[in-house]
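Single-structure report; data block below.
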Amino acid sequence: MIRHIYDHAWVLDTPKTTYAFALLPTGQLEHLYYGRKITVKEGEGALDALIEKHAFAPGNTCIYDNDHCGYSLEDVRLEMSSYGKGDLRDPFADITFSDGSSTCDFQYESFVIDDKEPASDTLPVSYDESGKCEHLCITLSEKVKGVKLHLHYYVYEDCDCICRMPVLENTSGSEIVLKRLMSTQIDLDRSGYVFTTFGGAWAREMQKTSIPLVRGKFVNSSRSGESSHRANPFVMIHPAGTSEDFGDVYGFNLIYSGNHYEAAEVSPFGKTRFLSGINPDGFEFRLSPGEKFEAPEAVMSYSAEGFNGLSSHMHRFVREHVVRGEWKKKERPVLLNSWEAAYFDIDEKKLVKLAKAGKEVGIELLVMDDGWFGERNDDHSSLGDWDVNPKKLPGGLKSLADKITALGMGFGIWVEPEMVSEKSKLYEAHPDWAIQIPGRDHSEGRWQRILDLTNPEVCDYIVDKLSEVFSSADISYVKWDMNRTFTDIYSQHLPAEKQGEVFHRYICGLYSVMKILTEKFPHILFEGCASGGNRFDLGILSYFPQIWASDDTDPVCRAAIQTGYSYGYPMSVLSAHVSASPNHQTLRETSLETRFNVAAFGVFGYECNLCDMKKEDLAAIKAQIELYKKWRPVLQFGEFHRGRNAGSLPVNGVSADPNAEGNLTEWTVVSDDKEKAVGFLMQKLVVPNSQFHTYFAKGLKEDEMYHFYNRSLKIDVREFGDLVNTASPIHLKQDGLLIDIVAKFVKMDTENEDLKASGSALMYSGVHLKAAFGGTGFNSEVRHFPDFASRIYFMEKE
């Protein structure tokens with residue numbers, strides 16, 4: 001609900017939050033409050049308690065003007081800020097005018113309240129299926145130059161989220177140069193908060209880092225041309241004592257896929273300013289008279305119920321107001337990707353054989369990854385030449401697709417349309433289509449260059465060529481990859497004075513391509529990818545309903561990566577696969593069960609060579625897929641809760657307490673009606689001589705009774721090493737032929753959990769699980785729980 005309160009103040013309410021700001025005597029907007037919902041009555045003085053009282057400006061600051069000697073903008077909570085009028089903190093807007101001056105003084109002009117949902121000519125925005133959204137637009141005017149700034153606010157009450165989107169309109173008579181325009185600003189009236197960010201690198205995305213904000217400025221940003229592995233645009237600000245289920249927390253994200261910037265700054269007067277938007281480093285945008293610039297939409301939410309409370313808001317926002325199209329609420333198929341099975345060494349015969357093996361275990365979709373086009377036998381050539389390699393696929397895509405679909409499976413392909421190889425027909429014909437500086441050696445990445453999507457001709461080529469590919473066969477899935485960062489930034493399409501616009505114009509061009517293709521092929525399930533999670537953001541999710549979270553499929557790493565994503569993104573948009581052991585990224589060996597248990601909490605699939613697998617492993621995979629399909633609606637679209645979190649701590653830093661934070665990862669996902677739930681518990685390292693673990697559920701109905709149970713598992717006797725000889729009537733030599741024969745016929749039973757308890761007991765007391773192996777004995781009542789072991793548990797309302 002949006003209300004205009006007496007004498008130019010505005011209050012935005014959701015069921016659990018209130019956001020308020022008002023007009024200052026100086027003409028700027030003062031931020032008053034964002035947090036737990038409060039009661040604000042109508043009428044004069046309704047917000048007096050929230051307004052800061054000013055008498056004299058602080059020492060060694062500059063007053064706004066002689067008529068308001070008590071106001072220094074450096075010590076005021078502002079809705080938007082700029083340089084030149086005394087505020088020395090990071091600004092919301094920075095503009096250079098035609099006379100070379102850069103002072104900006106945006107004054108309140110007018111407001112409108114209506115039900116228009118977000119709209120943009122250049123960028124993706126949030127939406128509501130009703131076509132309506134509570135909307136407030138505040139228009140500010142630069143006091144001297146007359147440039148207009150429209151601050152749009154959108155309220156999504158169903159998920160306790162508020163979005164902001166500024167639009168700058170050059171209503172002056174001269175060209176202006178925009179140096180920065182943030183998307184959101186929050187000025188908080190105290191310091192001591194913690195700034196939590198999620199960053200890392202290739203194969204270790206979304207590592208959670210928390211920095212106390214005592215003084216100075218901390219920045220989370222990307223300069224790579226993408227939202228990046230290095231720093232995801234989702235961040236949180238919260239007091240030091242906030243936990244998963246208790247305490248205040250603010251969350252922020254951007255609907256944008258390019259260079260971004262999130263800064264938290266503590267002023268000399270103890271106020272904290274948060275800014276989020278396009279990274280101003282490397283950004284400069286020229287606006288002629290009459291032109292406008294649309295900044296990306298920002299989303300923000302607050303919770304008094306800890307990080308899980310905030311995640312619940314953000315998850316619902318993404319599912320309901322970002323993801324769209326046919327696949328928004330449709331269950332995603334279990335797929336098999338050819339990449340780690342064969343890499344570039346693919347052909348029709350191998351792929352059909354792989355598909356048949358997949359069909360036998362319940363796979364629903366085969367994805368042909370890189371290597372099917374041009375002369376693509378390695379990563380040195382052919383990007384841009386999206387024509388089938390006739391040696392590998394003599395009948396073209398259609399012949400292969402027909403063979404796959406005849407098995408009752410879907411068929412998908414891999415593309416990397418934003419790239420071009422130097423060794424390609426496309427580059428030979430159009431070297432000017434690549435982002436590169438003529439006459440300067442180019443810094444290479446993966447033997448490929450980036451196509452210049454600021455150029456409409458390039459965008460048209462991509463649309464036309466991919467339309468040809470997607471129409472040539474029965475293709476039901478596309479993996480859209482992007483495998484390098486930007487270097488030597490220069491567009492031969494743009495004049496010299498507009499080179500500061502390349503990064504942003506590239507992203508706008510990308511969105512135009514994605515919009516056309518997803519609307520033209522609405523039945524295709526598109527999955528975003530950028531060397532894993534290098535572009536995991538709300539901009540991509542506005543077109544593609546899921547994103548490959550990381551190229552690292554090691555379940556120990558993935559547990560931390562998926563936990564990181566879960567703070568801001570629902571599991572329905574995160575792809576996760578079971579791969580080989582030893583893992584191809586870490587060489588770590590883990591059990592097939594742990595690999596399944598971790599991957600099952602995302603959009604699920606396999607990435608391994610089923611044709612080379614043992615029969616017992618194939619039987620296990622068949623059982624896994626059957627189980628996943630049964631629980632797929634809960635796992636993909638249920639409400640996700642984090643429990644204890646091992647995070648990214650090193651595995652050698654383990655507490656003597658087996659239930660301690662740092663050694664366990666604990667998740668629960670619950671159906672919307674709270675009648676079904678799936679739990680997950682994983683440990684990094686065994687704590688010697690310690691047998692007991694407790695699993696704590698979350699999100700259940702307290703007074704309802706639930707049936708709690710696990711899967712019945714069989715353990716390979718070789719897991720026990722030489723200890724098997726303490727029970728075997730004959731001596732079994734390790735790595736000998738005899739023990740391999742015995743292992744085929746003799747399996748060890750492990751624990752069976754089967755009980756009934758109330759939701760409150762499962763959540764607050766927890767389930768005291770059957771004892772783990774502690775070195776003193778083993779039988780069918782003992783849990784086999786070595787390093788990197790895990791379990792999934794099922795709860796069904798009685």
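Residues checked against (1) open to solvent by 10 Å² or more (accessible area, probe 1.4 Å); (2) closer than 27 Å to residue 379 by Cβ; (3) aromatic (Phe, Trp, Tyr):
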{"position": "454", "(1), (2), (3)": "yes, yes, no"}
{"position": "461", "(1), (2), (3)": "yes, yes, yes"}
{"position": "466", "(1), (2), (3)": "no, yes, no"}
{"position": "477", "(1), (2), (3)": "no, yes, yes"}
{"position": "482", "(1), (2), (3)": "no, yes, no"}
{"position": "488", "(1), (2), (3)": "yes, yes, no"}
{"position": "491", "(1), (2), (3)": "no, yes, no"}
{"position": "506", "(1), (2), (3)": "no, yes, yes"}
{"position": "510", "(1), (2), (3)": "no, yes, no"}
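All told, residue 360 meets the bar of being out of contact with any Ser or Thr (no Cβ under 8 Å at 6 or more places or on another chain), surrounded by fewer than 20 Cβ atoms within 10 Å (Cβ to Cβ), over 19 Å from residue 573 (Cβ atoms) and among the acidic types (Asp, Glu). Considering the stretch 17-42, and only residues there that are in contact with a Phe, Trp or Tyr (Cβ under 8 Å, 6 or more places away or on another chain), open to solvent by 30 Å² or more (accessible area, probe 1.4 Å) and free of Cβ contacts under 8 Å to residues at least 40 places away in the same chain, the residue that is farthest from residue 78 (Cα to Cα) turns out to be 42. Scanning the stretch 470-516 for residues that are over 22 Å from the mean Cα position of the chain (by Cα) and in a helix (DSSP H, G or I) yields 470, 471, 496, 497, 498, 499, 500, 501, 502, 505, 516.
Against the numbered list (1) open to solvent by 40 Å² or more (accessible area, probe 1.4 Å); (2) modelled with pLDDT of 95 or more; (3) hydroxyl-bearing (Ser, Thr, Tyr); (4) closer than 22 Å to residue 627 by Cα, residue 712 comes up short only at (2). Hey, any hits in the stretch 122-135 for a residue that's among the basic types (Lys, Arg) and open to solvent by less than 60 Å² (accessible area, probe 1.4 Å)? Within the stretch 122-135, none of the residues are among the basic types (Lys, Arg) and open to solvent by less than 60 Å² (accessible area, probe 1.4 Å).
Condition test on residue 241, is it assigned to a loop (DSSP other than H, G, I, E, B), surrounded by fewer than 23 Cβ atoms within 10 Å (Cβ to Cβ) and without any contact (Cβ under 8 Å) to a residue 40 or more places away in the chain? Taking the combined requirement at face value, the residue satisfies it.
Apart from one condition, residue 115 fits all of (1) free of Cβ contacts under 8 Å to residues at least 40 places away in the same chain; (2) open to solvent by 30 Å² or more (accessible area, probe 1.4 Å); (3) in a loop (DSSP other than H, G, I, E, B); the exception is (3).
Scanning the stretch 331-376 for residues that are assigned to a loop (DSSP other than H, G, I, E, B), touching a strand residue (DSSP E or B) at 6+ places or on another chain (Cβ under 9 Å) and among the aromatic types (Phe, Trp, Tyr) yields one hit, 372.
Restricting the stretch 72-91 to residues that are over 13 Å from residue 104 (Cβ atoms) and open to solvent by less than 40 Å² (accessible area, probe 1.4 Å), the residue that is farthest from the chain's Cα centre (by Cα) is 72. Of everything in the stretch 560-578 that is open to solvent by less than 10 Å² (accessible area, probe 1.4 Å), among the hydrophobic types (A, V, I, L, M, F, W, C) and in contact with a Lys or Arg (Cβ under 9 Å, 6 or more places away or on another chain), the residue that is nearest to residue 120 (Cα to Cα) is 573. Can you confirm whether residue 418 is of a type outside the set (A, V, I, L, M, F, W, C), closer than 23 Å to residue 526 by Cβ, under 28 Å from the mean Cα position of the chain (by Cα) and open to solvent by 10 Å² or more (accessible area, probe 1.4 Å)? For residue 418, the condition - of a type outside the set (A, V, I, L, M, F, W, C), closer than 23 Å to residue 526 by Cβ, under 28 Å from the mean Cα position of the chain (by Cα) and open to solvent by 10 Å² or more (accessible area, probe 1.4 Å) - is not met. Please indicate, with yes or no, whether at least one residue in the stretch 127-150 is modelled with pLDDT of 95 or more, under 30 Å from residue 552 (Cβ atoms) and in a loop (DSSP other than H, G, I, E, B). Scanning the stretch 127-150, I find no residue that is modelled with pLDDT of 95 or more, under 30 Å from residue 552 (Cβ atoms) and in a loop (DSSP other than H, G, I, E, B), so the answer is no. Name every residue in the stretch 151-176 that is more than 28 Å from residue 319 (Cα to Cα) and either open to solvent by 20 Å² or more (accessible area, probe 1.4 Å) or at pLDDT below 95 (or both), in order of residue number. Once the filter is applied, which keeps residues that are more than 28 Å from residue 319 (Cα to Cα) and either open to solvent by 20 Å² or more (accessible area, probe 1.4 Å) or at pLDDT below 95 (or both), the stretch 151-176 yields 169, 171, 172, 173, 174, 175.
When you check residue 18 against the structure, is it polar (S, T, N, Q), out of contact with any Asp or Glu (no Cβ under 8 Å at 6 or more places or on another chain) and under 25 Å from residue 133 (Cα atoms), yes or no?
yes
Looking only at the stretch 435-452, residues that are under 16 Å from residue 506 (Cα atoms) and buried (at least 24 other Cβ atoms within 10 Å of the Cβ) come to 4 in all.
Scanning the stretch 186-223 for residues that are open to solvent by 50 Å² or more (accessible area, probe 1.4 Å) and of a type in the set (D, E, K, R) gives 189, 190, 204, 208, 215, 217, 223.
Per the conditions (1) under 30 Å from residue 393 (Cβ atoms); (2) acidic (Asp, Glu); (3) surrounded by 24 or more Cβ atoms within 10 Å (Cβ to Cβ), the sole criterion not satisfied by residue 554 is (1). Taking the residues in the stretch 720-729 that are surrounded by fewer than 14 Cβ atoms within 10 Å (Cβ to Cβ) and hydrophobic (A, V, I, L, M, F, W, C) as candidates, determine which candidate is farthest from residue 669 (Cα to Cα). Out of the qualifying residues, it is 727.
Residues in the stretch 91-112 that are under 30 Å from residue 512 (Cα atoms), part of a strand (DSSP E or B) and not charged (D, E, K, R): 93, 95, 96, 112.
Let's see how each residue does on (1) in contact with a His (Cβ under 9 Å, 6 or more places away or on another chain); (2) surrounded by 14 or more Cβ atoms within 10 Å (Cβ to Cβ); (3) free of Cβ contacts under 8 Å to residues at least 24 places away in the same chain:
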| site | (1), (2), (3) |
| --- | --- |
| 718 | no, yes, no |
| 734 | no, no, yes |
| 739 | no, yes, yes |
| 748 | yes, yes, no |
| 758 | no, yes, no |
| 761 | no, yes, yes |
| 775 | no, no, no |
| 785 | yes, yes, no |
| 789 | no, yes, no |
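Annotation: of all residues in the stretch 421-434 being part of a loop (DSSP other than H, G, I, E, B) and not hydroxyl-bearing (Ser, Thr, Tyr), the one that is least open to solvent (accessible area, probe 1.4 Å) is 430. Collect the residues in the stretch 45-58 that are under 28 Å from residue 166 (Cβ atoms) and surrounded by fewer than 16 Cβ atoms within 10 Å (Cβ to Cβ), keeping them in residue-number order. Result: 52, single match. Sub-8 Å Cβ pairs linking a first residue in the stretch 159-177 that is closer than 18 Å to residue 16 by Cα to a second residue that is among the small types (Gly, Ala, Ser) and surrounded by 22 or more Cβ atoms within 10 Å (Cβ to Cβ), at least 6 apart or interchain, are 159/301; 160/301; 160/303; 161/301; 162/301; 163/126; 163/298, ordered by first then second residue.
Of the residues making up the stretch 212-237, those that are touching a residue at least 40 places away in the same chain (Cβ under 8 Å) and over 20 Å from the mean Cα position of the chain (by Cα) number 6. Can you find even one residue in the stretch 59-71 that is in contact (Cβ under 8 Å) with a residue 40 or more places away in the chain and open to solvent by 20 Å² or more (accessible area, probe 1.4 Å)? Scanning the stretch 59-71 turns up at least one residue that is in contact (Cβ under 8 Å) with a residue 40 or more places away in the chain and open to solvent by 20 Å² or more (accessible area, probe 1.4 Å).
The values are calculated or read from the model by the stated rules, or taken from the named source; none is laboratory data. Because the structure is predicted, anything quoted here is derived from the model rather than measured. In this analysis, Cβ positions are derived from the backbone assuming ideal geometry, glycine residues included, and neighbour counts consider all displayed protein chains. Heads up: the accessible areas ignore ligands, DNA and RNA and are worked out on the full protein's heavy atoms, side chains in. Shrake-Rupley method; radii C 1.70, N 1.55, O 1.52, S 1.80 Å.
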